[in-house]
Amino acid sequence: MSGALPEAASAAPAPMYRGMDRDRLTTAYDNTGAVADSPAWLQRWRERSATLRARPGHTLDIAYGVGERQKIDYFACGAPDAPLFVFLHGGYWQRNSRDMFSFVAEGPMARGFDVAVVGYTLAPEASLQQILDECTWAIDFLFDRIETLALNFNQRQVIVGGWSAGGHLAAALLAGEHRLKGALAISGIFDLEPIALCALNDKLGLSSDEAMRLSPLHRLSPRQAPVCAAFGEDELPELRRQSADYALAANHVGASVSLAALPRCNHFSILEELYREDGLLVRGLLDLKDR
């Protein structure tokens, strides 16, 4: 009888996070792989956005910096002194662009909001800290150039929002921005620890310290503006958990974070609730405005 040990190659990978190894953790955050018709959703968004962008009356490609992606598309509803919804796109901070998300302006505009869709430099060209800084610059730019650009929004009614990685950016912005009325974080990432441990970090290059420092979960303050953290009931378990844990942590420190679980919505179909003027996310936006 041999006393040889099993070969190391046959050993299962060691768990890294909540019982998951790196491959399983990567799959746990693979929203595209989890939704079979995700390419059709992306194409639908591009087509809707192109239709909106072709209409007159919008101000597109406003440069808030010198970078190619440091631009804002501004969609005015036509009402004087309108509240402003600033939208930050998703794509795990490393893909997509603002122009394909113009369509999200449709629902808010129909309910009296102006909408600014912000672009930012993607990883790996930009670090996550730089991406967050760029979003801050864009908001500062809108406040500072309201008269120069002949914008007509109510500076006391500015709400930031975003989807997926954009949800992370929207929530993180509240930590240092006191002019914002609130944030609508849709399918957001609030704790970056698992992101830093999986394949998504190959381009982001987050250290463990950066993951902690840039996580909205660890930036909560009782003085911050209210957040609506919305997610689809048909999303991946990790995405649902992220929002739930964020709301729970907020409750512990006295921050105002409401949780909204949207029925029959996955990571992509959830944006229908922002596209439609009677959508649940548009209602959430109206609730933040009226607080």
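Considering only residues in the stretch 67-113 that are within 26 Å of ASN201 (Cα to Cα) and more than 19 Å from the chain's Cα centre (by Cα), the one that is surrounded by the fewest Cβ atoms within 10 Å (Cβ to Cβ) turns out to be GLU68. With the structure loaded, tell me whether ASP140 is in contact with a Phe, Trp or Tyr (Cβ under 9 Å, 6 or more places away or on another chain) and part of a helix (DSSP H, G or I) or whether it fails that test. Here the answer is yes, as ASP140 does meet what is asked. Meeting the requirement of 2 or more residues that are in contact (Cβ under 8 Å) with a residue 60 or more places away in the chain and over 20 Å from HIS168 (Cβ atoms), the strands (runs of 3 or more DSSP E) wholly within the stretch 31-118 are 59-63, 82-88. Return a yes/no flag: does the stretch 47-61 have any residue that is at pLDDT 95 or above, within 19 Å of GLY188 (Cα to Cα) and touching an Asp or Glu at 6+ places or on another chain (Cβ under 8 Å). No, the stretch 47-61 contains no residue that is at pLDDT 95 or above, within 19 Å of GLY188 (Cα to Cα) and touching an Asp or Glu at 6+ places or on another chain (Cβ under 8 Å).
Among the numbered conditions (1) within 22 Å of ARG24 (Cβ to Cβ); (2) in contact with a Leu (Cβ under 9 Å, 6 or more places away or on another chain), the only one that LEU236 does not meet is (2).
This table checks each residue for (1) in contact with a helix residue (DSSP H, G or I) (Cβ under 6 Å, 6 or more places away or on another chain); (2) among the acidic types (Asp, Glu).
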position	(1), (2)
TYR120	yes, no
CYS135	yes, no
GLU147	no, yes
LEU151	no, no
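Within the stretch 208-226, is there a residue that is closer than 23 Å to ALA34 by Cα and of a type outside the set (Asp, Glu)? No, the stretch 208-226 has no match at all. Being crowded, with 21+ Cβ neighbours inside 10 Å and among the β-branched types (Val, Ile, Thr) is the filter here, so list the residues in the stretch 237-291 that pass it. Once the filter is applied, which keeps residues that are crowded, with 21+ Cβ neighbours inside 10 Å and among the β-branched types (Val, Ile, Thr), the stretch 237-291 yields VAL257, ILE270, VAL282. Kindly indicate whether any position in the stretch 218-227 is closer than 27 Å to GLU47 by Cα, part of a helix (DSSP H, G or I) and not small (Gly, Ala, Ser). No, there is no match, as no residue in the stretch 218-227 is closer than 27 Å to GLU47 by Cα, part of a helix (DSSP H, G or I) and not small (Gly, Ala, Ser).
The values are calculated or read from the model by the stated rules, or taken from the named source; none is laboratory data. Worth saying up front: this structure is predicted, and the values here are computed from it rather than measured. Note that each Cβ is placed from the backbone with ideal geometry, even for glycine, and that neighbours are counted across all protein chains shown.
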